[in-house]
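What follows is a set of notes on a single structure, which appears directly below.
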Amino acid sequence: MTTLSTERLETGAVLARAAPGQVRLAWERFRRHRLAMIGLVVLAVLATSALLADVVAPYAPDIPDVEAIRVPPGLAHPMGTDSIGRDELSRLLHGGRMATSVAVALGTLLGSISGYYGHAIDNAIMRFTDLMYTLPRLLVLLLVGAIFKTTLLLIVVLLGLTSWMTVARLVRASFLSLREKEFVEAARTVGAGDRRIIWRHILPNAIGPVIVAGTLGVAGAILVESTLSYLGYGVQPPTATWGNMLQNAQSEMYAAPWLAVFPGLFIFATIMSINFVGDGLRDALDPRSTRS
Amino acid sequence: MSRYVARRLLQAIPLLFAITILSFGLMKAAPGGPLSIYRESPDFDPADVTAIEEQLGLHDPIPVQYAKWIGNLARLDWGYSYVTHEAVTDRIWQRLPNTLTLMATAYLLTLLIAIPIGVLAAVRQYSRFDYAATTGAFFGISMPVFWFGLLMILTFAVQLRWLPTSGMATAGRDFDLVDRLRHLVMPALVLSLVSAAHYSRYIRGSMLEVIHQDYIRTARAKGMRETGVVMRHAFKNAALPFVTLLALDIPELFTGAVVTETIFAWPGMGRLYLESITRLDYSVLMAILTVSALLLILSNLFADMLYAYLDPRIRYR
C-alpha cells in the first residue's frame, strides 16, 4: 500500500510538511472524515464526564440504596440500579476514569518511546522487543494481576510494558528506510546536523503511521484492561471500572439484564470512537492517501 | 534458507530461557502457594502443611527450584499438579481436545465468513456491500469479546431460550452430537465473528492491492471469466500475506480462549490456566506458559518460512 510510493511524491510530502500550517492542513483533512469527528466528540464527552463524575453523576457511585435494588432503567435511574441498589449510570461515569487514565498514560508513554527511538536504535532493545512479543500477553497479565495487589498504577504500567513494541518497531523501521532517502542526504549536504535531520526531516515523515498505531494501541489497552477487570484480575471492586461492573452481570442476567448491557456499551462506544479517530488520522496524516 | 532457520532456532533458546525464568520468578514472588488453603482449614495442622511443602521442595531457594524444574523438563518430565496430584500432561490432555474442538470450529467459521466478505468488498469497492462490510468490521473490531458473549447469552439463552447458556453438554446426559453442537454454537460464533472482522479487513486490503496489477488486466484481456480472474489470479496472490497471518494464530489452538471459555464455562485450556492461577498450581502454569511461548516462537518462524516458500521473490539471509 503505502510502501509503493515514488520518490517524487515523497519529496513533495517533505516540502508540504516544511511549510507552516502543516498541522492545520492535517486538521482540515481530518475534519472531513465524518466518522472520525463523531468519534472525537464521543471521546470528548466521555472523558469530560469521567473527569467531572463527582459533579455530573446523579448519585454517589458506591453507596447502596436498599430502597432501590435492581430498579430497571427509568426516570429516576436512567440505566437502572444493581443488586445492592447502586446507580448504574453514576458508577459508569466514575468507571470512565479508569479508561481515561489508561488512555492518557499509555498515550504519553508511547509518545515518549517514539521520541526516544528517534535517537537510539539499539540492537539490544530490539532483542528485548522480541522477548516481549514472545510473551503470551494475556496469560502473563493474568498471572501478574492474580499475584500482586492490582492498583490503577500497576495496570497502566503493565499495559504500557506489554504494548509499546509495535510503535517502537514502526519508528525503527521508518527511520531505517527514511535515513537512506535522497532528501536526507540533501539535507546533510547542505550542512544540517543530526538533531535537525532527525526532528525536522525524518520525524515528520515517520510520525503518521506511529500516531495511528499509538491510537489503536490505546484502544487495545482499554480492551485488555476491561478484560482483566472482567475476569477479576484487574482493579478490584468497590472501585468501579467498566470491566469489573460486568463481572457479576452474568449471574444477575435473569434478575437484572440491563446490568449486562450498559457497561459493555460504554466500552464498545469508546473503542469504536478511538478506532474511527485512528482511521481519520490515517487519512489526515498520510499525504499519499488516495482519498483527499 | 536452512542457515536462516538454524539461526532463528538458536535465537529462540535464550528467549525461552528468559521467558521461563521471568514467569517462574513472578510465580514464586507470589505470597502463599498451592498448599496455603490447607493452612486456613481447621482439619490440618499448619506444621504438617509446612512439612509437606518442605518435602515438595517449595522452601528451597528459588534458583534451586528453577534448576530442578528445568532439569526435569530436559527429561520431558513436566511434573505433577500441586492441586489434583495428577501428572501435568494428564491435566492438559483432559482439556486439550475440548479447546481444539472449540478453536478449530471457530477457525473454520472465521475463514468461511471472512474470505467471501473480504473478497467481495474489494471486488466491489465503494459499493453498498463494501460499506456494510466495513461498518460490520468496525463493530467486530471494537467489540469486547466478553460483552459480545454476554449479549449472546442474554439474547439466545435467556430471552429466546434457543440455546443452553453454558457448558459443553447438558448435565446427566450421555454424549450426543446435537447437544454438543448446541453448546458449541455461541462460543464458536463469538470467537469467529470477532476475528472475521479483523481478517476480512486484511483480505480486502491485500485484494485491493492485487486487483489493480497489470496481470489482472491481462487475464481479463485474454477473455477469462470474472470469477476466474478473481479466484484464480487475484485471490491466490492476495492470500499470501493472509496465510502467514493464519500461521501466527496457531498457538491459540493450544492456549484456547481464556475469556470465551470463561463466559461459556467451556472446560478448555483457558479455563485450566485460570483455575491454576487461583490455586497457584506452579507446575501446570509453567507448562502452559512454556508451551505457549514455544508455539509463539515456532509459529512466527513458520509464518516467515511459509511466506518465503509461497512468494519466491522473498529471500531471507
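Annotation: of all residues in the range A:19-60 being out of contact with any helix residue (DSSP H, G or I) (no Cβ under 8 Å at 6 or more places or on another chain), modelled with pLDDT under 80 and of a type in the set (G, A, S), the one that is farthest from A:R86 (Cα to Cα) is A:A19.
When the range B:6-28 is filtered for residues that are more than 10 Å from every other protein chain (Cβ to nearest Cβ) and surrounded by 14 or more Cβ atoms within 10 Å (Cβ to Cβ), the ones remaining, listed by number, are B:R8, B:T20, B:I21, B:F24.
Would you check if A:T227 is within 11 Å of chain B (Cβ to nearest Cβ) and in contact (Cβ under 8 Å) with a residue 60 or more places away in the chain? The answer is yes for A:T227.
Of all the residues that make up the range A:253-286, how many are touching a residue at least 40 places away in the same chain (Cβ under 8 Å) and either under 13 Å from the mean Cα position of the chain (by Cα) or over 17 Å from B:A157 (Cβ atoms) (or both)? Before the answer, list the steps.
Of all residues in the range A:253-286, those touching a residue at least 40 places away in the same chain (Cβ under 8 Å) come to A:255-256, A:258-259, A:262-263, A:266-267, A:269-286.
Retained after the next criterion (residues that are either under 13 Å from the mean Cα position of the chain (by Cα) or over 17 Å from B:A157 (Cβ atoms) (or both)): A:262-263, A:266-267, A:269-286.
Total meeting the criteria: 22.
Of everything in the range B:206-237, what is within 14 Å of chain A (Cβ to nearest Cβ), free of Cβ contacts under 8 Å to residues at least 60 places away in the same chain and within 17 Å of B:P116 (Cβ to Cβ)? Give them in sequence order. Lay out the reasoning, then the answer.
We begin by selecting, within the range B:206-237, every residue within 14 Å of chain A (Cβ to nearest Cβ); these are B:206-214.
Going one step further and asking which of them are free of Cβ contacts under 8 Å to residues at least 60 places away in the same chain, we end up with B:206, B:209-210, B:212-214.
Hits for the range B:206-237 are B:S206, B:V210.
On the given criteria, is B:I62 β-branched (V, I, T), surrounded by fewer than 17 Cβ atoms within 10 Å (Cβ to Cβ) and touching a residue at least 40 places away in the same chain (Cβ under 8 Å)? When the stated conditions are applied, B:I62 does not pass them.
Taking the criterion of being closer than 12 Å to A:P72 by Cβ and not in a helix (DSSP H, G or I), the residues of the range A:242-263 that qualify are A:A255, A:A256, A:P257.
Annotation: of all residues in the range B:300-312 being over 15 Å from B:I19 (Cβ atoms) and of a type outside the set (A, V, I, L, M), the one that is farthest from the other protein chains (Cβ to nearest Cβ) is B:Y309. Selection within the range A:82-117: residues that are touching a Gly at 6+ places or on another chain (Cβ under 6 Å) and either within 25 Å of A:G278 (Cβ to Cβ) or at pLDDT below 70 (or both). The member of this set that is surrounded by the most Cβ atoms within 10 Å (Cβ to Cβ) is A:L110. For residues in the range B:266-292 being charged (D, E, K, R) and either closer than 14 Å to B:D90 by Cα or in contact with a Pro (Cβ under 9 Å, 6 or more places away or on another chain) (or both), which is nearest to the other protein chains (Cβ to nearest Cβ)? Filtering first and then ranking leaves B:R279. Quick check, is B:L56 more than 30 Å from B:E209 (Cα to Cα) and assigned by TED's automatic domain parsing to the domain that holds B:L301? No; evaluated as a whole, the condition is false for this residue.
Quick one: which of A:G191, A:G208, A:G220 is away from every other protein chain (no Cβ under 14 Å) and either modelled with pLDDT of 80 or more or in a loop (DSSP other than H, G, I, E, B) (or both)? Write out each step before concluding.
Values: A:G208 fails: either modelled with pLDDT of 80 or more or in a loop (DSSP other than H, G, I, E, B) (or both); A:G220 fails: away from every other protein chain (no Cβ under 14 Å).
Among A:G191, A:G208, A:G220, only A:G191 is away from every other protein chain (no Cβ under 14 Å) and either modelled with pLDDT of 80 or more or in a loop (DSSP other than H, G, I, E, B) (or both).
For the range B:182-299, the helices (runs of 4 or more DSSP H) that sit wholly inside it and include 1 or more residues that are within 20 Å of B:L102 (Cβ to Cβ) are B:236-248, B:250-255, B:258-263, B:269-279. Each residue in the range B:266-289 was checked for being touching a Lys or Arg at 6+ places or on another chain (Cβ under 7 Å) and surrounded by fewer than 22 Cβ atoms within 10 Å (Cβ to Cβ), and 1 pass.
Looking for whichever is in contact with a helix residue (DSSP H, G or I) (Cβ under 7 Å, 6 or more places away or on another chain), farther than 26 Å from B:S166 by Cβ and hydrophobic (A, V, I, L, M, F, W, C) here; the options are B:F302, B:F264, B:F254. Which one fits? Let's see the steps before the verdict.
Working: B:F264 fails: farther than 26 Å from B:S166 by Cβ; B:F254 fails: farther than 26 Å from B:S166 by Cβ.
Unique residue meeting the criteria: B:F302.
The set of residues in the range A:151-173 being assigned to a loop (DSSP other than H, G, I, E, B) and surrounded by fewer than 20 Cβ atoms within 10 Å (Cβ to Cβ) consists of A:T151, A:T162.
The values are calculated or read from the model by the stated rules, or taken from the named source; none is laboratory data. Bear in mind the structure is a predicted one, so any value in this text is a computation, not a measurement. Note that each Cβ is placed from the backbone with ideal geometry, even for glycine, and that neighbours are counted across all protein chains shown.
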